[in-house]
1. Restricting to DSSP H runs of at least four residues, report the calculated mean residue ellipticity at 222 nm for the chain, -39500 (n - 2.57) per run over all residues, nearest 500 deg cm²/dmol.
2. Compute the acute angle (0 to 90°) between the alpha-carbon long axis of helix 3-57 and the principal axis of greatest extent of the alpha-carbon atoms of the chain; round to the nearest 10°.
Amino acid sequence: MGIREQFQDKAKELAERAGAAAQEQQDEGSQRAAQVSERAKERARAAFDQPYEEASER
């Protein structure tokens with residue numbers, strides 16, 4: 001195997017690693033976004049329900 005082939009193989013390996021790392025980061029980002037969205041929904045529900053809960057306690 002010549003130098004050129006070795007270089008191409010190494011470049012291909014590094015590109016695959018970079019692609020896998022980028023996919024992992026994207027998956028983590030999507031998961032975090034879903035968690036943030038769920039927390040925001042929970043807070044919105046709590047903020048909406050709070051006045052009604054306080055009124056029913058009176």
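Where a number appears in this text, it was derived from the coordinates with a stated rule and is not lab data. The structure displayed is predicted, hence computed values, not measured ones.
1. Mean residue ellipticity at 222 nm (helix-derived): -35500 deg cm²/dmol.
2. Here the helix axis deviates by roughly 0 degrees.
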